[in-house]
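See structure below.
The values are calculated or read from the model by the stated rules, or taken from the named source; none is laboratory data. No experiment lies behind these values; they were computed from the predicted model shown. Reconstructed Cβ throughout: ideal geometry from the backbone, glycine too, with neighbour counts over all protein chains shown.
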Amino acid sequence: MNLRPLDGRWLATGVVILYAGLFWLSLRSVGLESTLQRAGVPSVGAPFSDLYVFPAAAQELARGGNPYLSNPLDPWQRLYNYPRAWLLFMRYPFAAVPWLGLGLDLAWLTLLWLAWGRLTPGAGLLAGAVACSPPVLLALERCNSDLIVFMLVAAALAGLARGWRGAAWLGLMVAALLKLFPAVAFVTFLPASGRRAWNWLFAAAGAMLGWAFLRWDELAGIAHNTPTGGPAISYGSTVIFTIADLLHQQSTGQWADYSAHRWVGSAVAGLLALGLAAAGCRCRPSSGPPFDRALACFQGGAAIYVATFILGSNFSYRAIFLLLCVPWLFRTEAAFPWPKVRRAAALTLTVFLWTNPQWWLPLIALREAAGWTLLGLLACLLGATLRSISAATAAAAEKI
């Protein structure tokens with residue numbers, strides 16, 4: 001049976017449906033909490049828990065309080081750690097959370113399916129597997145706001161690939177103003193816009209700096225209130241220092257405060273990424289791959305992973321942006337170089353997403369190794385693709 005004509009997205013859908021069926025059977029057998037534990041997803045006791053912070057903050061503001069200092073209506077007493085702009089559209093009562101969470105999860109899965117585009121059968125099987133990985137399930141179970149940001153970024157990158165630069169710029173800017181880290185996805189304008197790329201980038205930088213100047217107090221409150229997860233549910237350059245602290249405490253009973261030197265991890269990760277990106281840039285082929293949706297999504301997703309990894313510790317659900325990289329990593333056309341590096345990145349990405357210390361704590365070593373390896377591979381591929389575009393693509397960009 002020849003599967004080559006088959007769109008791999010249907011295989012991915014089948015994998016997701018099969019996993020959902022197994023999840024449902026486990027749910028009926030042992031209950032929600034035990035099923036989530038088996039799936040490697042830590043629960044706080046209620047589905048879609050991250051949606052409760054918005055109505056709590058809105059009500060606290062309405063009665064004259066400051067949710068950045070006290071947010072007592074949140075079921076877990078979490079301080080508000082988002083820009084106030086979120087409250088312009090995240091306005092709903094607590095009773096609507098279950099239905100809103102289910103709707104957002106389904107919308108995210110639908111947009112992911114569309115963003116992938118046509119996949120090869122092999123890519124479809126891997127895409128289905130990573131879509132069921134613990135970080136993705138954690139994002140869906142909590143209905144974290146990263147799902148909304150992901151949809152904005154994916155839609156903007158698809159528009160950029162179609163030449164809709166103004167709409168793409170606006171979409172990425174909205175995502176960046178809502179959560180900051182999507183700002184790094186503006187690097188996709190380098191191969192998409194020819195000589196005009198820097199105009200778009202300077203406009204984005206100016207808008208971000210102006211907004212930061214006007215909202216500095218708000219940003220300071222957000223930075224102060226943003227929690228960090230334990231090392232078992234986090235990734236980034238500074239997680240290894242938290243692990244060292246915990247190991248030292250378990251062996252000696254004292255806290256060594258290795259985390260005070262976490263800047264070293266960020267510096268090492270930054271230098272590693274910069275060096276491998278430069279190596280990829282030097283070794284790029286003379287005629288690079290054409291700029292299309294798969295390449296735009298890869299560059300955006302890879303840039304977000306590299307940047308967030310360098311900056312420090314992130315909850316593992318932020319790794320959902322890696323799913324944007326899947327289609328391009330499996331491209332087989334001759335115009336897409338680096339097949340071995342791309343396959344290695346796809347394999348490392350899968351290992352990274354499916355290695356969960358929640359199942360067995362020593363797996364944290366493998367997860368850290370995979371995370372750092374993925375950082376280097378994606379940085380190298382970014383360096384090779386950001387400026388490596390075909391002459392036809394560059395000429396077309398100059399005419400628009």
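At a glance:
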quantity	calculated
Condition met for residue 298 (within 30 Å of residue 164 (Cα to Cα) and in contact with a Ser or Thr (Cβ under 6 Å, 6 or more places away or on another chain))	no
Filtered residues of region 305-330 (kept if among the aromatic types (Phe, Trp, Tyr) and without any contact (Cβ under 8 Å) to a residue 60 or more places away in the chain)	328
Within region 47-83, considering residues that are touching a residue at least 60 places away in the same chain (Cβ under 8 Å) and assigned to a helix (DSSP H, G or I), the one surrounded by the most Cβ atoms within 10 Å (Cβ to Cβ)	51
Within region 160-171, considering residues that are more than 19 Å from the chain's Cα centre (by Cα) and not hydrophobic (A, V, I, L, M, F, W, C), the one nearest to residue 327 (Cα to Cα)	162
Scan of region 141-157 for residues that are crowded, with 21+ Cβ neighbours inside 10 Å and more than 13 Å from the chain's Cα centre (by Cα), ordered by number	141, 142, 143, 156, 157
So residue 353, is it surrounded by fewer than 24 Cβ atoms within 10 Å (Cβ to Cβ), at pLDDT 95 or above and under 24 Å from residue 147 (Cβ atoms)	no
Close pairs (7 angstrom Cβ cut-off, 6 or more residues apart or separate chains): under 20 Å from residue 274 (Cβ atoms) and in contact (Cβ under 8 Å) with a residue 12 or more places away in the chain in region 358-375, buried (at least 20 other Cβ atoms within 10 Å of the Cβ) and polar (S, T, N, Q) anywhere	373/348; 374/348
Members of region 366-397 found to be small (Gly, Ala, Ser) and modelled with pLDDT of 60 or more, listed by number	369, 370, 371, 376, 379, 383, 384
Region 169-199 - residue that is among the small types (Gly, Ala, Ser) and in contact (Cβ under 8 Å) with a residue 24 or more places away in the chain and, of those, surrounded by the fewest Cβ atoms within 10 Å (Cβ to Cβ)	194
In region 236-269, the residues that are over 27 Å from residue 303 (Cβ atoms) and outside any helix (DSSP H, G or I)	253, 254, 255, 256, 257
Neighbours by Cβ (under 9 Å, 6+ apart or cross-chain): first from region 230-250, free of Cβ contacts under 8 Å to residues at least 60 places away in the same chain; second in a helix (DSSP H, G or I) and hydroxyl-bearing (Ser, Thr, Tyr)	230/242; 241/258; 241/259; 244/258; 244/259; 245/258; 245/259; 248/258
Failed item, numbered, when residue 272 is tested on (1) over 20 Å from residue 308 (Cα atoms); (2) in contact (Cβ under 8 Å) with a residue 12 or more places away in the chain; (3) in a helix (DSSP H, G or I)	(1)
Selection within region 12-32 - part of a helix (DSSP H, G or I) and exposed (fewer than 13 other Cβ atoms within 10 Å of the Cβ)	17, 18, 20, 21, 24, 25, 28, 29, 30
